[in-house]
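Reviewing the structure listed below.
The values are calculated or read from the model by the stated rules, or taken from the named source; none is laboratory data. Computed from a prediction, not measured in an experiment: that's the story for all the values here. Glycine gets a Cβ as well: all are built from the backbone with ideal geometry, and neighbour counts include every protein chain shown. Note: areas computed on protein heavy atoms with side chains; ligands, DNA, RNA excluded. Shrake-Rupley method; radii C 1.70, N 1.55, O 1.52, S 1.80 Å.
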Amino acid sequence: MPRYALPVPTIAILLAAPLFAAPVPPAPKGDDPVVPSAAKLLQNRKVQKELKMTAEQRIVVLDGLADLDEEYEKKFEQLSRAPNPAEDAYDKLDKERKQGVDRLLTEVATKSLTSAQRKRLAQLDRRVQGIGAFNDPRVQSVLQLTDAQKKKIAELVERQKSELTRYFDNLGNEDDMKRKSDLLEFRKDMLKQMEGVLTADQKTGWAVLLGEAATGFVPDELWIKMEDEMDLPLPGIAK
């Protein structure tokens, strides 16, 4: 199951107050680039509302996804009528569509969102990714993690990946609801253990990177939903 790296907002935010005793890396010019994990969130209607996207911004996403759907359906129909399609033809078509969706959402995030919206999108993405956000070298740099901290967090991230994979591999059983509840409890425990590795100043810095809590959706639930949909076609705006 693919995973993706996570974004951070402009480091200058952290320079506004002396969070750490050690020197903080210089702030990059302009916004940090929008990475796929954050851009993918734009397909979710509740995230759009959380960002307070305008009707014009939202229609760009809707129309763009609709255009990609039409193109995909056209090519799929042509392929289904071909006498001897290549064995991997459908896989290539799916891959092409997913790449198109990634480009669309990244372009919307980069060109249509305001700087404040991009900053908030990055914060929401970290909340959705949870401990996985610490895979981002920029998060590690901002918090100035030690090698020992990075090693410990990498172990926790890997444990969470394994637990998530095990959850998906066993879907379809009568105890799915309990297993989902157990998975979310496991995720919370990983976050708690991660916070135990951080210093007081690093915890403060992490809180800044997270921003205010989301009000329109539950990050834990969206985390599972996004992971579940990673290998599925995107039908449009998710609820």
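Take LEU171 and THR110, extend 7 Å from each Cα along the Cα→Cβ direction, and tell me the distance between the two endpoints in nm.
Reported label-point gap for LEU171 and THR110 is 3.1 nm.
As a test question: what accessible area, to the nearest 10 Å², does LYS49 have when a 1.4 Å probe is rolled over all protein chains in place?
The accessible area of LYS49 comes to roughly 120 Å².
How much length is gained on full extension from ALA55 to LEU93, taking 0.36 nm per residue of separation minus their Cα-Cα distance?
Working: separation 38, 0.36 × 38 = 13.68 nm, distance 3.07 nm.
Fully extending the segment from ALA55 to LEU93 adds 10.6 nm.
Tell me, what is the per residue accessible area of the stretch 54-167 in Å², probe radius 1.4 Å?
Details: 6330 Å² over 114 residues.
Result: 56 Å² per residue.
So how compact is the stretch 73-131: Cα radius of gyration and Dmax in angstrom?
For the stretch 73-131, the Cα-based Rg and Dmax read 17.6, 52 Å.
Specify, per residue and in Å³, the volume enclosed by the convex hull of the alpha carbon atoms belonging to the stretch 111-176. Write out the running numbers ahead of the final one.
On the way: hull volume 8.4 nm³, N = 66.
Spread over its residues, the Cα hull of the stretch 111-176 gives 127 Å³ apiece.
In Å³ and rounded to a whole number, note down the convex hull volume per residue for the Cα atoms of the stretch 97-239.
Numbers: hull volume 19.5 nm³, N = 143.
Output value, Cα hull per residue: 136 Å³.
Under 5 Å between amide hydrogens, which residues at least 5 positions from ASN44 or on another chain qualify, with H placed 1.01 Å from N in the peptide plane?
Correct list: ALA238.
Which distance in nm do the two modelled labels at GLU229 and ALA66 give, with both placed 7 Å along the Cα-to-Cβ direction?
So the two model labels end up 1.8 nm from each other.
How much length is gained if the chain between ALA200 and GLU158 is pulled fully straight, taking 0.36 nm per residue apart and subtracting their Cα-Cα distance, in nm to one decimal? Provide the component values of the computation, followed by the final result.
Values: separation 42, 0.36 × 42 = 15.12 nm, distance 2.43 nm.
Gain on stretching ALA200 to GLU158: 12.7 nm.
With a Förster radius of 30 Å, plug the Cβ-Cβ distance of ARG179 and LEU210 into 1/(1 + (r/R0)^6) and report the FRET value to the nearest 0.05. Walk me through the intermediate numbers first.
Details: r = 27 Å, r/R0 = 0.90.
E(calc), rounded to 0.05, equals 0.65.
Give a residue-ordered list of calculated ³J(HN,Hα) values for the stretch 82-95 (Karplus: 6.51 cos²θ - 1.76 cosθ + 1.60, θ = phi - 60°; whole Hz; x for Gly, Pro).
Residue by residue, the stretch 82-95 yields 5, x, 9, x, 4, 4, 9, 4, 5, 5, 5, 5, 5, 5 Hz.
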